[in-house]
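The values are calculated or read from the model by the stated rules, or taken from the named source; none is laboratory data. Remember, predicted model here, so these are calculated numbers, not experimental data. Here the Cβ is made from the backbone with ideal geometry for all residues, glycine too, and neighbour counts use every protein chain on show. The accessibility values were calculated without ligands, DNA or RNA, using every heavy atom of the protein model including side chains. Shrake-Rupley method; radii C 1.70, N 1.55, O 1.52, S 1.80 Å.
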Amino acid sequence: MSELYIGLMSGTSLDAIDAVLVDFSGELRLVGTHSTPLEPELRSRLTALCQSGPDEIERMGRLDVEMAELFAKAALGALAGTEHTAADICAIGSHGQTIRHRPHAVPGFTLQIGDPNIIAERTGIAVVADFRRRDMAAAGQGAPLVPAFHAAVFSHPERHRIILNLGGIANITVLPANSSAAITGFDTGPANLLMDAWSMACRGRAYDAGGEWAATGEVSAPLLKRLLAHPFLTLPAPKSTGREDFNIEWLRAQLNDLTEPLNDADVQATLLEFTAETVVQAIRKLQLPSGDLFLCGGGAHNVALRQRLSYLLPNWAIASTSALGLAPDWVEATAFAWLARQRMKQQTGNMPAVTGARGERVLGGLYVP
Ligand SMILES: Nc1ncnc2c1ncn2[C@@H]1O[C@H](COP(=O)(O)OP(=O)(O)O)[C@@H](O)[C@H]1O
Ligand SMILES: [Mg+2]
């Protein structure tokens, strides 16, 4: 079996489809990468689909096909310019675009779109997709799924390591130095989701590059206190979250309850502090004395956020996953290439301690070319 896999990821930020071609035959090696930005019009239709509204099935059906076509192109984009052809690739791991994630509902459910049949048809490559629902069927949250990958490639025998993914949502994987100690991982709350929404609402910019705008504002203690009162934050792990819990309507409700209005930059500064504070509180609760904290996801480029994390976690050495040989923008897509590999080898991909599932499960459905 070939050890070449393609990973496809489009996260809650709705910024882009990330595609990687990975060689697992020796040390993990990125052979090709490709990123397809999501056009504002498509992005707003996807955002709309993340909440209930009229004509949902019709809109979902169309976007399921449209996203699949884009996923297929992104996969071929990662292949283009490399020495490989479709025939060399063992499988594509496609996460899909999440449009609902309600693990805490009764019954809990999660839904990703981007029809894998279309991806298999357009690329001529086997596709593994629908990774989350088997874990949920086994009473798990279906998330986060990346910790097993982090554990496989980033663990260290003598150092405590934490991988912090700063996407739309922030999630941590805790890799204790002692390999017999339990690996844990969970969503800590929003990373960029609210900062992006506020940046778009006030300045028409998809995100605050480097956190520069946030750095011009002052943190509002009353707003921060309100944000930190969100019930998700005190839930015990395993836990995962999404746009259902944290969105601009919720933010506006918190702003409306303040006695004094804030200026826009102060709100942005407070949102950045909220992300930093929720991550830091989660890490402090682990009661690990010190270690390495590796950042990945787009938020790894947010200089102001990184500075706050450094300040609040003086005992942790902070770097991006580039220091581990994998650039922060490609970690999630690489994780889904790895999960596809697990599926092809009939090996499990979830960690019950992380998702809350009854046991380890082989994840994903297979769509042969
Ligand atoms: N230079 C940057 N400065 C600050 N934030 C950035 C920068 N580049 C990307 N980001 C943030 O990262 C987000 C995308 O991160 P990503 O890891 O792709 O998240 P997701 O998995 O949710 O799609 C963007 O929406 C933006 O908020
Ligand atoms: Mg993204």
Here is a check on your reading of the model: is residue 172 within 11 Å of the chain's Cα centre (by Cα) and either open to solvent by 10 Å² or more (accessible area, probe 1.4 Å) or away from ligand 2 (no atom under 16 Å from the Cβ) (or both)?
yes
Hey, among 59, 45, which residue is of a type in the set (Lys, Arg), under 21 Å from the mean Cα position of the chain (by Cα) and surrounded by 14 or more Cβ atoms within 10 Å (Cβ to Cβ)?
45
May I ask you to list pairs of residues, at least six apart or on different chains, whose Cβ atoms are under 9 Å apart, with the first in segment 149-170 being without any contact (Cβ under 8 Å) to a residue 60 or more places away in the chain and the second being hydrophobic (A, V, I, L, M, F, W, C) and away from ligand 2 (no atom under 16 Å from the Cβ)?
155/175; 155/177; 155/183; 157/177; 158/177
Selection count where residues are near ligand 1 (Cβ under 8 Å from one of its atoms) and under 25 Å from residue 24 (Cβ atoms), scope segment 164-211:
2
Restricting attention to segment 106-125, report how many residues are under 11 Å from residue 71 (Cβ atoms) and touching a Phe, Trp or Tyr at 6+ places or on another chain (Cβ under 7 Å).
4
Considering residues of segment 175-196 that are crowded, with 24+ Cβ neighbours inside 10 Å and small (Gly, Ala, Ser) only, the residue nearest to ligand 2 (Cβ to nearest atom)
191
All conditions in (1) open to solvent by 30 Å² or more (accessible area, probe 1.4 Å); (2) touching a helix residue (DSSP H, G or I) at 6+ places or on another chain (Cβ under 6 Å); (3) part of a loop (DSSP other than H, G, I, E, B) are true of residue 241 except (1)
Selection from segment 25-36 of residues open to solvent by 90 Å² or more (accessible area, probe 1.4 Å) and in a strand (DSSP E or B) yields 29
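So that you can scan it fast, the table gives a plain yes or no per residue for (1) within 16 Å of ligand 1 (Cβ to nearest atom); (2) crowded, with 24+ Cβ neighbours inside 10 Å:
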position	(1), (2)
133	no, no
143	yes, yes
147	yes, yes
162	no, yes
Residue satisfying condition, being within 16 Å of ligand 2 (Cβ to nearest atom) and either part of a helix (DSSP H, G or I) or within 21 Å of the chain's Cα centre (by Cα) (or both), within set 68, 105, 78, 87
78
Exception for residue 121 within (1) closer than 26 Å to residue 347 by Cβ; (2) over 14 Å from the mean Cα position of the chain (by Cα) falls at (1)
Do the conditions hold for residue 333, that is, is it closer than 24 Å to residue 135 by Cβ and of a type in the set (A, V, I, L, M, F, W, C)?
yes
Test each condition in (1) within 19 Å of residue 210 (Cβ to Cβ); (2) within 13 Å of ligand 1 (Cβ to nearest atom) for residue 333 and report the one that comes out false.
(1)
Hey, can you tell me all the residues within segment 219-238 that are closer than 11 Å to residue 189 by Cβ and part of a loop (DSSP other than H, G, I, E, B)?
230, 235
